[in-house]
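Working notes, structure below.
Read the figures in this text as sums done on the coordinates, not as results from a lab. Not measured: the values here are computed from a predicted model. For neighbour counting, all protein chains shown are included, and Cβ atoms are generated from backbone atoms with ideal geometry for every residue, glycine included.
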Amino acid sequence: MDSKHMTQTESNVNQLDFDSNNNNNVNDDVKSYENIKIGLEIHCQLTRLETKLFCGCFSNYRDIQPNGNTCPICLGLPGSLPLLNKKAVEYASMICISLNCNIPEKITFYRKNYFYPDLPKNFQITQYNSYELSSIGFDGLISYYNDKAELDNTGKSKSKAVRIKRIQLEEDPGKIVHEESNSKINNYCLIDYNRAGVALVEIVTEPDFKNATDVRLFLNKITNIFEYLGVSDPNLEGAVRCDVNVSVKGGKKVEIKNVSSFKDVEKSIFYEITRQKTLSMHEISVKSETRHWDEKRKITIPARTKEEEDEYKYFPEPDIPRIVLGSDYKVRIKENMPELPIERLKRYVENHKLSNHISDILVNNKNVSDFYEESVKIYNSPKEISNWIVNELLSKTNELEKDESIGNKSDKNRAFNSQVTPRQIADMAKLVEGKSINRNIAKEIFDKSIRTGESPLKLVENLKVEKIQDSEIIKKYIDEILSNEKHLIEQSNNNPNVANFILGKIMKKTGGRADPQLTLKLIKESIRHS
Amino acid sequence: MGELHKLPGYQVSQKIRNQEIFAEEYISQLFERIDKVDLKINSFISKNYESVLLKAKQIDKKIKNNEKLGSLLGIPIGIKDNISVLGLKTTCASRILQEYVPPYNATVIDRLEKQDAIIIGKLNMDEFGMGTSSEFSHYGPVHNPWNQEYVAGGSSGGSAAAVSSLQVPVSLGSDTGGSIRCPCSFCSVIGIKPTYGLVSRYGLVSYSNSLEQIGPIARTVVDIAMTLNAICGRDSNDNTSASSSASAGIDQQFEYKIDSVDGILGKNYKVGIIDNLIDSSEYQVKETVHKKINLLKEHDFSVHKTKINYSDFALAAYYVIATAEASSNLSRFDNIRYGFNYNPEGYEWNSYSSHVRSNFGEEVKRRILVGSFVLSAGYYGKYYLKAQKIRKIIKNEFNKLFKLFDVLVLPTMPILPFRIGEKVAKPLELYNLDIYTILSNLAGIPAMSIPAGFSKEGLPIGLQLLSNEFNEQVLIDIATFFEHKDKFNEWIPSI
């Protein structure tokens, strides 16, 4: 029975012609790729919605005092009825479209019945595809590495993709709060229902990943998409959560729950692969189970026995009539959808004539890409502007990241934004392209601009105004040097470079402000007259 | 003096409006009546005396000040205890909710109050609406005003008995499988289960969401129509309410009118007699219903025999759907926010949960178990899905019938009211009594029970009228006809 199950899923994977040789991760054991299957269940809160999925309470429950963001509906009080948030259906559809999923003409909500203290009604309103294909999305495919291949549709073998099994819209449960971190010494716990009822999109992938690096690439890709769509802010704590399924050849599927950061997703996969391989090496069979990620110890530990799928007693939610989206729904949503990363990439390459590499870097962070867009609006030179952003600004941001070990993306964004405005970048591009200054000086000006926040144009202006062209002042510098280093006068007789040497000293002292030609002339005069 | 409680709501309201009597005076008399009578009937779970008096005074003041007055001015309305009223205990006649006070009003309550009706108290019922006799209540059984040794019918037994025994002119009940009509039949009053979606369910504690509706109970058709007018219509708080649901596609102001008998006769209603169901009733029920049919014939209604197939499957389908939904709806009562101060010491999660939930009554437990069973591993297709198919078949059958007829006539209940305690231990016998009433719940069509007469023993018999969805007017017309001919509004128990 088990072997039959295995061959079935394996043949599914074989339908995809990924090239695993193209993998850029050297840490993974290439030979073992085929033996490892990783699938994800990603929960993404639609944080950009104003209200919860079925009531008028705020979607943004953060920073509200416990149970202050609740109403009869999200508390599941007797007699209350869920009222579907239509915007949530739209947002979820946008995610489905971005991941190339089908959207059915009719969607249905189901009740998933199980007892848990954080679940106000002891059932979760969700979607379920076992009786009919009625979840908001199903059967998608998304490439997460080498978008160019996706773009020209030629080098498909070089890209990596994952199949999306289904996407469903559902409500988030409340939160159980333990006052003591060690659950053993707690003799009570508290429940905060502020989060209960927040709209959640669950994305279930097929087990198409072979290693943790690919999982990370994919997670970056889709969180970027969430940001582009403006449906969710992945940087908010708990906004995007992930369960991971891992199996090695010969073993059963193990589900890892409670992984709260993407870094830990990778770590938990490494841990689980190692654990399962070790078991197989000792000829202990890996059993199907749910394990918890212990954030502190960075290991997985067995969780309570998972209830069988059918014990959830699914049935259609009678309080929400089936929603008829109609056949043109997808088209209508698509029309009003924000530009996707892949579309932006295409525009940068085709219209802005940027390289794939540069475009990729820009597009991979919506914040950076938006910054680029703003800058180009001010001064239309995509090449020069992208150059300043990618080669100067981002490298500085990256340094900053290393220096201060800034962990997450939001801090990075903040660092990025606080440094410089699109106007400054546009000005730099304009200065360089207008040949007002050469590139080296431009870089200095840029540094200064970043440090002081002053406009580069103004800095250049100041530079000109402050140029020392007063012969008396320059003479003072020369006299000072010559009186301190009298040997220079003698050397100057047989070494023509001495004049230049003195010039260098003066330039250093004046911060380059002395007019070089005038200064050189005056130096030569001084030497001659001495 | 002292006879005001006998008047129907619309007449009292008129007197208050005309300042012939004060609302306060009327309410005080009703309190006396309730205090005297309800000891024998047990129809109230909680009374709202203090705030009711305050409300009555406000109404008197409003009239004095010439303010705009609502259509239900000063009419006291009793509310089945599964409909949420802000600040009033809403127990569903369950031990588990005995201390629960909703922080919000059901939509129907807001709408009644908007029309200056007075919410007088909460009425007894079968726990969570599960029962046909109002015996399954944590607060004890409701007694039939016509004979107190008999059941009042259920589950809205308190709502029907309070109206029948002249404690209130109007009440609200809820009907999942006959819960308004059965007690109306047993207590000889009028009750209507509206089209699914006509009345908002927001605030009605769910038993079986896809089947149930709130509806009015009264002694006169005028009171029924006035109350229904006040509570019906689209509600943005209920996604299944009419016209917010795509299938109905109706976005009109519903308003039901009382026509003259001549006017009604002029409409040439075609009446279908559900012969097979009349035949399978107890003989006294059968005879009484035939008398009513003859009355229709005498007045030149076009009357034809017809039948409904699959009614036995319908009963099975009904209990599968109702219990499945109920098992899920009631799972929230896990003692985390409702229930008792039970120390969890010595329990683990599952045993604590079952300890707490043992406080449900026997019938509720039975239905939770059945519902959990039909939804569990691998049985969905065998039970729930099949039940939904039967539901569609029944609906189609009615669609065909309503191409031929405007109204269908059958008994409300197949038997006479029975003695309290007689069937408590026989759940299947009780379930079988719902066979005539569940049809309209499954099909979502409106259904009304009106007084039809009495058995030799003096026990009430009800006549059931069915019409097509959103065609409540036909039911009101036919009821008006019978009210006019039979004067059943004058049939009052001697309690």
| Taking amide H positions as placed 1.01 Å from N in the peptide plane, with prolines and chain starts having none, which residues 5 or more places from A:TYR144, or on another chain, fall under 5 Å of its amide H? | A:LYS160, A:ALA161, A:VAL162
| message | How would A:SER93, A:SER530, B:SER185 line up from fewest to most surrounding beta-carbon atoms within 10 angstrom? | response | A:SER530, A:SER93, B:SER185
| note | Cα gyration tensor of the range A:471-529 diagonalised, 5x eigenvalues square-rooted, in angstrom largest first, produces semi-axes 17, 11, 11
| query | Hey, how many Å between the Cα centroid of the range B:388-465 and the Cα centroid of the range B:42-64? | reply | 35 Å
| Cα-based Rg of the range B:428-475 normalised by 2.2 N^0.38 Å, two decimals | 1.34
| note | A:LEU190 and B:LYS286 label points (each 7 Å along its Cα→Cβ direction) are spaced in nm at 6.9 nm
| Which percent, to the nearest 5, of DSSP beta bridges fully inside the range B:64-190 are antiparallel? | 25 percent
| task | Counting only DSSP beta bridges with both residues in chain B, tell me the antiparallel percent, nearest 5. | result | 65 percent
| said: Using helices alone, I'd like the mean residue ellipticity at 222 nm for chain B: each DSSP H run of four-plus residues gives -39500 (n - 2.57), total over residue count, nearest 500. | reply: -12000 deg cm²/dmol
| task | Take the Cβ-Cβ distance between B:LEU54 and B:HIS299 as r, set R0 to 45 Å, and report the resulting FRET efficiency rounded to the nearest 0.05. | result | 0.40
| Rounded to the nearest 0.05, what FRET efficiency is calculated for A:ARG332 and A:SER455 with R0 set to 56 Å and r the Cβ-Cβ distance? | 0.80
| query | In nm, what is the difference between 0.36 nm times the number of residues separating A:LYS509 and A:ASN364 and their Cα-Cα distance? | reply | 47.8 nm
| said: As a quick test, which of the pairs A:LYS87/B:LYS389; A:LYS112/B:LYS423; B:LYS6/B:LYS62; A:LYS165/A:LYS210 have an alpha carbon distance above 28 angstrom in this structure? | reply: A:LYS87/B:LYS389; A:LYS112/B:LYS423
| query | Quick one: which of A:98-105, B:318-325 comes out on top by average Cβ neighbours within 10 Å, and what's the full order, highest first? | reply | B:318-325, A:98-105
| field | FRET efficiency, 1/(1 + (r/R0)^6) with R0 35 Å, evaluated for A:ARG347 and A:SER395 via beta carbons | value | 0.90
| remark: When B:ASP81, A:ASP243, B:ASP35, B:ASP262 are arranged by how many other beta-carbons sit within 10 Å of their Cβ, fewest first, they go B:ASP262, B:ASP35, A:ASP243, B:ASP81
| message | Taking the beta-carbon count within 10 Å as an exposure proxy, list B:ARG332, B:ARG201, A:ARG297 from fewest neighbours to most. | response | A:ARG297, B:ARG332, B:ARG201
| Along the range B:443-450, what does the Karplus equation 6.51 cos²θ - 1.76 cosθ + 1.60 (θ = phi - 60°) give for ³J(HN,Hα), rounded to whole Hz, x for Gly and Pro? | 8, x, 8, x, 8, 10, 10, 10
| task | List the lysines whose Cα lies under 20 Å from the Cα of B:LYS392, skipping any in the same chain that are fewer than 8 positions away. | result | A:LYS106, B:LYS193, B:LYS307, B:LYS382, B:LYS400, B:LYS403
| request: Using per-residue counts of other Cβ atoms within 10 Å, averaged over each peptide, order A:228-234, A:286-292 from highest down. | output: A:228-234, A:286-292
| said: Placing unit charges on C-beta atoms (Lys and Arg positive, Asp and Glu negative, everything else neutral), compute the dipole magnitude of the range B:148-247 about its Cα centre in debye, rounded to 20. | reply: 100 debye
| query | Highest mean first, what order results for B:460-469, A:269-278 on Cβ atoms within 10 Å? | reply | B:460-469, A:269-278
| query | Leaving out same-chain residues fewer than 8 places away, which lysines sit with a Cα under 22 Å from that of B:LYS64? | reply | B:LYS15, B:LYS55, B:LYS114
| field | Spatially proximal lysines relative to B:LYS426 (Cα-Cα < 18 Å; intrachain offsets below 8 disregarded) | value | B:LYS365
| message | With 21 Å as the cut-off, how large is the P(r) tail for the range B:1-95, expressed as percent of Cα-Cα pairs? | response | 37 percent
| Measuring from centroid to centroid over Cα atoms, what is the spacing of the range B:88-120 and the range A:72-150 in Å? | 33 Å
| Can you give me the Cα centroid spacing of the range A:254-308 and the range A:333-388 in angstrom? | 40 Å
| request: Could you list which residues have their amide H under 5 Å from that of A:PHE209, counting only those 5 or more apart in sequence or on another chain, with H placed in the peptide plane? | output: A:ILE38
| Evaluated at q = 0.13 Å⁻¹: base-10 log I(q)/I(0), Debye formula over Cα of chain B | -1.22
| task | Taking amide H positions as placed in the peptide plane 1.01 Å from N, state which residues far from A:ILE256 in sequence (5 or more) or on other chains have amide H under 5 Å from it. | result | A:VAL244, A:ASN245, A:VAL246, A:ARG291
| message | Over the Cα atoms, compute the radius of gyration (one decimal) and Dmax (the largest Cα-Cα distance, rounded to a whole number) for the protein assembly as shown, in Å. | response | 39.0, 146
